Amino acid sequence: MSWKRDKPEQPPRGYHHGNLKEELVRAAMGLIGEKGPNGFTFAEAARLAGVSPAAPYRHFRDRDELLADVATRGFVVFEATLARAWDQGRPDPETAFHRLGRAYLAFAHDEPAYYSAMFEAGVSLDASPELRAAADRAFQNLRGASEALIALLSPGKRPPALMMALHVWSMSHGVAALFGRADGGRRPLPMSAAELLEAGMLIYLQGLGLGPGERPTPRD
């Protein structure tokens, strides 16, 4: 009597000879969309990917590491989206600046799974060097835009670029979180989220002396 199997054991359904990591990321994004970033377990992600509960440990230490991977991918897409919108400040910094704000809102609306993993899952940016680097590159678009606008002011009237970038980020994120969502958490508005953000930014820029009709001549 032989104890050997007639055929070699087949890999679990969903493993796809090395594609397990991508299957798990897709499963996590689906579950984030359905239940939120903190509403599912590691085992549920494995089940949706069609593998055993132990299989995800081939690639991720735990659910938090899986979420960090999703967040990293999200920041990569986010950075590319913002960079395209800013387009190196063409045709002029103010026009490109408002385009950047609209792109921020569009990303939050069109990529809710990524956005939730990036900003709502409680994942530390220090979860991995890749996540920290991707997030910093995305933020650099906001800082670069702020620096370009500040350069239009005379030296004595220029606010710190980092402070302005943080103000812009806070306003953009607040409008996106409250009024730009694609789910039931979206609050009603008598205008579009993009119009609200643009109005807020115009008021902010006017306070700096950068509003319409106040086109300062750049001075060193």
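The values are calculated or read from the model by the stated rules, or taken from the named source; none is laboratory data. Keep in mind the model is a prediction, meaning the values are calculated, not measured. Glycine also receives a Cβ, built like all others from the backbone with ideal geometry; neighbour counts cover every protein chain displayed. These accessible areas exclude ligands, DNA and RNA; they are computed on the full protein's heavy atoms, side chains included. Shrake-Rupley method; radii C 1.70, N 1.55, O 1.52, S 1.80 Å.
Counting only alpha carbon atoms, the long axis of helix 161-179 and the longest principal axis of the chain meet at about 60°.
Near Glu34, once Lys and Arg are set to +1 and Asp and Glu to -1 for all other residues with Cβ below 12 Å from its Cβ, the sum equals -1. Taken along its principal axes, the alpha carbon cloud of the stretch 55-102 reaches lengths of 51, 13, 10 Å, longest axis first.
Here the stretch 75-220 has 57 percent of its accessible surface on carbon and sulfur atoms, given a 1.4 Å probe and all protein chains in place.
The helix-based estimate of mean residue ellipticity at 222 nm for the chain, built from -39,500 (n - 2.57) per DSSP H run of four or more residues and divided by its residue count, is -19500 deg cm²/dmol to the nearest 500.
Spread over its residues, the convex hull of the C-alpha atoms of the stretch 52-135 is 99 Å³ per residue. At the residue level, Asp110 shows approximately 100 square angstrom of accessible surface with a 1.4 angstrom probe and all protein chains present. For the stretch 40-125, the solvent-accessible area with a 1.4 angstrom probe is 44 square angstrom per residue.
For Ser170, the accessible surface of its heavy atoms amounts to roughly 80 Å² (probe 1.4 Å, protein chains only, rounded to the nearest 10).
Taking the Cα atoms only, what angle lies between the long axis of helix 20-35 and the longest principal axis of the chain, rounded to 10 degrees? Tilt of helix 20-35: around 60 degrees.
Residue ranking by accessible heavy-atom surface, 1.4 Å probe, largest first, among His59, His98 comes out as His59, His98. In the chain, the longest principal axis of the Cα atoms and the axis of helix 129-150 are about 10 degrees apart.
Hull volume per residue, based on the alpha-carbon atoms of the stretch 100-220 and their convex hull, is 109 Å³. Using the Cα gyration tensor of the stretch 102-152, with a ≥ b ≥ c the square roots of its eigenvalues, what is the shape: rounded (a/c below 1.5), prolate (a/b larger than b/c) or oblate (neither)? The shape class here is oblate.
Relative contact order for the chain: 19 percent, from Cα pairs under 8 Å spaced at least 6 residues apart, divided by residue count.
Given the alternatives (1) 47; (2) 51; (3) 40, percent of Cα pairs over 26 Å apart as computed for this entry is given by (1). If you average the alpha carbon positions of the stretch 28-89 and of the stretch 170-200, how far apart do those two centres end up, in angstrom? Spelled out, the Cα-based centre of one part sits 24 Å from the other.
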